[in-house]
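A.B. asks: Let me begin by handing over the structure; questions about it come next.
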Number of protein chains: 2
Amino acid sequence: MKKFNVAVVGVGAVGVEMLRILKERKFPVGKLKVFARSERDIYVDKDSYHVLKVDHHGFKNIDIALFAGTEGEKGAAVTYASSAIKQGAVVIDNGADFRMEKDVPLVVPEVNPKDIKKHKGIISNPNCSTIQMVVALAPIQKRLGLKRIIVCSYQAASGAGRSAVKELMAQSKAVLDGKTVKPDALPQQIAFNVFPHIGGFQKESYTSEEWKTVKETHKIFHDDKIKVTATCVRVPVATGHSEAVYIETKKAMSVSKLQNLLSKSAGIEVVDDPKNGKYPLPINAEGKDAVYVGRIRKDPFVKNAYWLWVVSDNLRKGAALNAIQIAELLIK
Amino acid sequence: MKKFNVAVVGVGAVGVEMLRILKERKFPVGKLKVFARSERDIYVDKDSYHVLKVDHHGFKNIDIALFAGTEGEKGAAVTYASSAIKQGAVVIDNGADFRMEKDVPLVVPEVNPKDIKKHKGIISNPNCSTIQMVVALAPIQKRLGLKRIIVCSYQAASGAGRSAVKELMAQSKAVLDGKTVKPDALPQQIAFNVFPHIGGFQKESYTSEEWKTVKETHKIFHDDKIKVTATCVRVPVATGHSEAVYIETKKAMSVSKLQNLLSKSAGIEVVDDPKNGKYPLPINAEGKDAVYVGRIRKDPFVKNAYWLWVVSDNLRKGAALNAIQIAELLIK
């Protein structure tokens, strides 16, 4: 079996998950190089990795360079992707910097795998909250057609990186101890609180996270006529994004057929037996690969309108796993 | 000034808040009787109250009987309201049992104060998540007309009573200590988790909480043509419900005019300067009276469609305060 030399750039929450998933899925790795801002040794589970300081010359003989991306600032791909490409690598970037560029495919393997072929050296991984939503909606888009998507998110701290999870835990302990807390990694207190502020505030008073949900969905579905709108909210959960997704479709389908359609679709696990307490939960999604969908129901008052409750591990399907699935497509 | 004899039935989270607010607002209380399942003395802040065991004969000479209601089961009003009325009291019930009855006004004083006049002995207080939403939407309903409401809630543990708050805190501590936890007062783990399950599952796979949002909104606005739909979610917050409310209106208004309209409306405080980190937060709403509204914005793709982020203290405006405002209307 052919092997591929792989670089992972970044060893934050997503980079570490990339190392874990490469191993779990037995990706045919020849030589593995791990890069970050500074040289050091790290442990992931029981495996040690020697991390090199990233520079422009490190990508010689690398076939696939996985950039973990950075929350809230420019990712390393902005600086190093062109060097990696020049040295022969294909870049798969989890950062937000190239996603909307015309020549850069934005790929979710269950949804738009063919887009990968159009790449000119960089393939972008969509935003975490977009990925799980489009996986859940792709079968519906194909069979019924989507007219509108109105989504409210319940996003975990780890979407803002490892420091945000530490802050959630440290703040929670402080609040329980009756101490006052001050936000640092996140814009507001995250312990025992929620806030509608992920990313920066932009046009129309949408956050960057909310715009990503709109624009990335349009690009992945190749349809900018779908009326997408979002409110993105951070909640005190460590890992696992949840979304209440309201859709209007062109054609109708019964709820039971919809459950059946989704349960047979790639990447989706339907958990929808609410009377027995079965619906997706972030604490159950952590560490898992699937996009979990439940609470599938019709709006009794609006034709062809449905609710879905969509939960997935934002570090895995929402980031590292999706990137490695792109790499798997690439080497096929 | 005329004084009124008041009974408070129930000394859970809402009952205690009723005692606190009667005092804070200097309600002209003559004799105060406090009832619960068992006789005991309780302290609220620095005041002690002697609690009597509730029975059918305790409402003699009571003018106003405030029933705190019970989450998830029949409230005491089911058993005792008729006795209280026979003995001459007007019942203001925070429980869900009578809200949809034809002869029972369902009142939010800022929204439909005149409905109070139609009472036949019982006036119902709406559900917490409905109250804050209709306060925020009433000025819009009046000026623009409402066609649709699509709401996702982020509801605090205290909505399920004091035991749920204790569970949130105890579970959070246990998780931080690396222990496994088991839900008891709430249907799922609440620490570092969210779940779309408030109340029981009913018709169309909606929860009772979701149906309340639909039906109570129709009754309060006297308009069952408004297409209301909801996903109600419990989040690990102690007190303060948040709601991402998406609306479609009949007429249009600019965002700045909408901000202005709401900021001049009764019961609302607009907190909407997101670039400076100002938007409503549950931790800031706790213990306050206002319904806080922020993140007011247009859907760029849909005519006459807007988002609001609505936060309020579910024990105060969502329950005890609203009930006492009804009592204030009653004695005017």
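A.B. asks: May I ask you to list pairs of residues, at least six apart or on different chains, whose Cβ atoms are under 9 Å apart, with the first in region A:179-200 being at positive phi and not assigned by TED's automatic domain parsing to the domain that holds A:Ala96 and the second being of a type in the set (Asp, Glu) and in a loop (DSSP other than H, G, I, E, B)?
C.D. replies: Once the first residue is at positive phi and not assigned by TED's automatic domain parsing to the domain that holds A:Ala96 and sits in region A:179-200, its partners that are of a type in the set (Asp, Glu) and in a loop (DSSP other than H, G, I, E, B) give A:Gly199/A:Glu71.
A.B. asks: What are the residue pairs meeting all of these: first residue in region B:209-235, first residue closer than 17 Å to B:Asn112 by Cα, second residue part of a loop (DSSP other than H, G, I, E, B) and β-branched (Val, Ile, Thr), Cβ atoms under 8 Å, and 6 or more apart or on different chains?
C.D. replies: Short answer, once both residue conditions are applied: B:Thr217/B:Ile226; B:His218/B:Ile226; B:Ile220/B:Val107; B:Ile220/B:Val108; B:Ile220/B:Val111; B:Phe221/B:Val111.
A.B. asks: Now for a separate question. Answer yes if at least one residue in region B:152-160 is at negative phi, of a type in the set (Ser, Thr, Tyr) and touching a strand residue (DSSP E or B) at 6+ places or on another chain (Cβ under 7 Å), and no otherwise.
C.D. replies: Yes, the conditions are met somewhere in region B:152-160.
A.B. asks: A:Met1 passes all but one of (1) modelled with pLDDT under 95; (2) in contact with a helix residue (DSSP H, G or I) (Cβ under 6 Å, 6 or more places away or on another chain); which number fails?
C.D. replies: The one condition A:Met1 does not meet is (2).
Okay, residues lined up against (1) outside the structural domain of A:Val214 (by TED's automatic domain parsing); (2) in contact (Cβ under 8 Å) with a residue 24 or more places away in the chain:
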residue	(1), (2)
A:Ala65	yes, yes
A:Ile92	yes, yes
A:Met100	yes, yes
A:Lys118	yes, no
A:Val134	no, yes
A:Gln141	no, yes
A:Leu144	no, yes
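A.B. asks: Does region A:205-253 hold any residues that are more than 12 Å from chain B (Cβ to nearest Cβ) and in a loop (DSSP other than H, G, I, E, B), and which are they?
C.D. replies: Scanning region A:205-253 gives A:His222, A:Asp223, A:Lys250, A:Lys251, A:Ala252, A:Met253.
A.B. asks: Quick one: would you say A:Val151 is of a type in the set (A, V, I, L, M) and under 30 Å from B:Val235 (Cα atoms)?
C.D. replies: yes
A.B. asks: On to the next question. Could you figure out which of (1) among the polar types (S, T, N, Q); (2) touching a residue at least 60 places away in the same chain (Cβ under 8 Å); (3) part of a helix (DSSP H, G or I) isn't true of A:Thr79?
C.D. replies: (2)
A.B. asks: Pick from region A:215-267 the residues that are within 27 Å of B:Ile247 (Cβ to Cβ) and basic (Lys, Arg): which of them is surrounded by the most Cβ atoms within 10 Å (Cβ to Cβ)?
C.D. replies: This residue is A:Arg234.
A.B. asks: Report, by residue number, each residue of region B:45-63 that is within 13 Å of B:Ser83 (Cβ to Cβ) and surrounded by 11 or more Cβ atoms within 10 Å (Cβ to Cβ).
C.D. replies: Residues satisfying the conditions are B:Val54, B:Asp55, B:His56, B:Gly58, B:Phe59, B:Lys60, B:Ile62.
A.B. asks: Can you tell me which residue is farthest from A:Lys251 (Cα to Cα) among those in region A:147-184 that are within 12 Å of chain B (Cβ to nearest Cβ) and polar (S, T, N, Q)?
C.D. replies: A:Thr180
A.B. asks: Pick out the one residue from B:Pro109, B:Pro113 that is outside the structural domain of B:Ala185 (by TED's automatic domain parsing) and under 28 Å from B:Val255 (Cβ atoms).
C.D. replies: B:Pro109
A.B. asks: Does region A:276-292 include one or more residues that are in a strand (DSSP E or B) and crowded, with 24+ Cβ neighbours inside 10 Å?
C.D. replies: Yes, region A:276-292 contains at least one residue that is in a strand (DSSP E or B) and crowded, with 24+ Cβ neighbours inside 10 Å.
A.B. asks: Tally the residues that are closer than 25 Å to A:Ile190 by Cα and not β-branched (Val, Ile, Thr), restricting the search to region B:275-332.
C.D. replies: Going through region B:275-332 one residue at a time, the tally reaches 29.
A.B. asks: Name, by its number, the condition in (1) touching a Lys or Arg at 6+ places or on another chain (Cβ under 8 Å); (2) more than 26 Å from A:Val310 (Cα to Cα) that does not hold for B:Ala170.
C.D. replies: Of the numbered conditions (1) touching a Lys or Arg at 6+ places or on another chain (Cβ under 8 Å); (2) more than 26 Å from A:Val310 (Cα to Cα), the odd one out for B:Ala170 is (1).
A.B. asks: Next question, about the same structure. For region A:123-148, what are the residues that are surrounded by 24 or more Cβ atoms within 10 Å (Cβ to Cβ), in contact with a strand residue (DSSP E or B) (Cβ under 8 Å, 6 or more places away or on another chain) and not in a loop (DSSP other than H, G, I, E, B)?
C.D. replies: A:Ile123, A:Ser124, A:Cys128, A:Ser129, A:Ile131, A:Gln132, A:Met133, A:Val135, A:Ala136, A:Leu137
A.B. asks: Does region B:301-332 hold any residues that are of a type outside the set (A, V, I, L, M) and away from chain A (no Cβ under 11 Å), and which are they?
C.D. replies: B:Asn304, B:Ser312, B:Asp313, B:Asn314, B:Arg316, B:Lys317, B:Gly318, B:Asn322, B:Gln325, B:Glu328, B:Lys332, listed by residue number.
A.B. asks: When you go through (1) within 9 Å of chain B (Cβ to nearest Cβ); (2) more than 30 Å from A:Gly95 (Cα to Cα) one by one for A:Gln259, which number turns out not to apply?
C.D. replies: That leaves (1) as the condition not met.
A.B. asks: Next question. Name, by its number, the condition in (1) under 19 Å from A:Ser153 (Cα atoms); (2) touching a residue at least 40 places away in the same chain (Cβ under 8 Å); (3) more than 7 Å from chain A (Cβ to nearest Cβ) that does not hold for B:Ala285.
C.D. replies: If we test B:Ala285 against (1) under 19 Å from A:Ser153 (Cα atoms); (2) touching a residue at least 40 places away in the same chain (Cβ under 8 Å); (3) more than 7 Å from chain A (Cβ to nearest Cβ), just (1) comes out false.
A.B. asks: Return the residues of region B:262-282 that are facing chain A (nearest Cβ under 9 Å) and touching a residue at least 60 places away in the same chain (Cβ under 8 Å); say none if nothing qualifies.
C.D. replies: Within region B:262-282, just B:Pro282 meets the criteria.
A.B. asks: Now for a different question. Restrict the check to region A:128-146 and report whether at least one residue is within 10 Å of chain B (Cβ to nearest Cβ) and under 22 Å from the mean Cα position of the chain (by Cα).
C.D. replies: For region A:128-146, residues within 10 Å of chain B (Cβ to nearest Cβ) and under 22 Å from the mean Cα position of the chain (by Cα): absent.
A.B. asks: Now for a different question. Which ones in region A:16-36 are surrounded by 12 or more Cβ atoms within 10 Å (Cβ to Cβ) and among the charged types (D, E, K, R)?
C.D. replies: Once the filter is applied, which keeps residues that are surrounded by 12 or more Cβ atoms within 10 Å (Cβ to Cβ) and among the charged types (D, E, K, R), region A:16-36 yields A:Glu17, A:Arg20, A:Lys23, A:Glu24, A:Arg25, A:Lys31, A:Lys33.
The values are calculated or read from the model by the stated rules, or taken from the named source; none is laboratory data. Nothing here was measured: the structure is a model prediction, and the numbers come from that model. FYI the Cβ positions are ideal-geometry reconstructions off the backbone, even for glycines, and counts take in every protein chain you see.
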